[in-house]
Amino acid sequence: MKNFLLVCCLSVVLGACSKSSAPKSSTSKEGKGWISLFDGKTFDGWKVGKNAESFKIEDGAIVVNGQVAHLFYVGPVQNHNFKNFQFKAKVMTLPGSNSGMYFHTQYQEESWPKKGFEVQVNNSHTDWRRTASLYAIQDVKETYVKDNEWYTEEIMVQGKKVTIKINDKVVNEYTEPDNVNLSNDMAERRIGSGTFALQAHDPKSKVYFKDIMVKVLPD
């Protein structure tokens, strides 16, 4: 009997350990299928090369402020390779700030990512391309949210279609043409697959990101 109880206790402990090591998935507040990519405390699962000091963590949020740098998700979810998905984060910009969220990209040590797309984060910077622009592909001129306020920015990719929402409202939709013709410097701005990245644009820009989540959609 004692041996049986010992086996049962070990099973419970091992089961709990197994669950705690898995990526966190939400089935209540955010709805079924959402997986957290940022634990609010560490950069576990994220990687940045040059100018890593441009990213810090404060009060459960990633603070982006400094020289040009990009923080890439390199964690275990989907082996950091996403094709069809919903991605969202809560974002707050300070006045005059510029940043971005990349998708279908890949890690590189420095400079602006060559692969994938940037979804703009910019409510009052001198660059006219505003929040929710699919940068230099399909841009948004209108400003939908204010600085110094948290808002939700969401990217959804299904097949060749990209949908971008602000606070659950669709503000930009783009469908990649079958024979898309891009200039040489934009050659890798194509729908495919890859990971996500957050952008540090310049020392005068300060942007906050938290509650970074993804939902994987079927191919």
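Every number in this text was worked out from the coordinates using simple rules, so none of it is lab data. All figures in this text were calculated on a predicted structure; none of them were measured in a lab. Reconstructed Cβ throughout: ideal geometry from the backbone, glycine too, with neighbour counts over all protein chains shown.
Figure the gain on full extension for Asn51 and Trp150 (residue separation times 0.36 nm, minus the Cα-Cα span) and round it to one decimal in nm.
Extra length from Asn51 to Trp150 when fully extended: 33.1 nm.
For the stretch 141-216, give the magnitude of the charge dipole about the Cα centre (Cβ charges: +1 Lys/Arg, -1 Asp/Glu; no others), in debye to the nearest 20.
80 debye
Report the Cα centroid-to-centroid distance between the stretch 69-130 and the stretch 144-219 in angstrom, as an integer.
7 Å
For the chain, take N as its residue count and report Rg(C-alpha) divided by 2.2 N^0.38 Å.
1.12
For helix 2-21, what angle does its Cα long axis make with the longest principal axis of the chain, in degrees from 0 to 90 and rounded to 10?
With both axes taken from Cα atoms, the answer is about 0 degrees.
To the nearest 0.05, what FRET efficiency results for Ala136 and Lys41 with a Förster distance of 25 Å applied to their C-beta separation?
Between Ala136 and Lys41 the formula returns 0.10.
Can you tally the net charge around Ala200? Count Lys and Arg as +1, Asp and Glu as -1, for every other residue whose Cβ sits under 12 Å from the Cβ of Ala200.
Charge balance in the 12 Å sphere: +1.
Under the rule of at least 5 residues apart or a separate chain, name every residue whose amide H is placed under 5 Å from the amide H of Gly100.
Answer set, sorted by chain and number: Val121, Gln199.
Report the extension gain between Lys169 and Ser183 in nm, rounded to one decimal, defined as 0.36 nm multiplied by the number of residues separating them, less their alpha carbon distance.
1.9 nm is the gain from fully extending Lys169 to Ser183.
Under the rule of -39500 (n - 2.57) per DSSP H run of 4 or more residues, summed and divided by the residues of the chain, what mean residue ellipticity at 222 nm is obtained, to the nearest 500 deg cm²/dmol?
-3000 deg cm²/dmol
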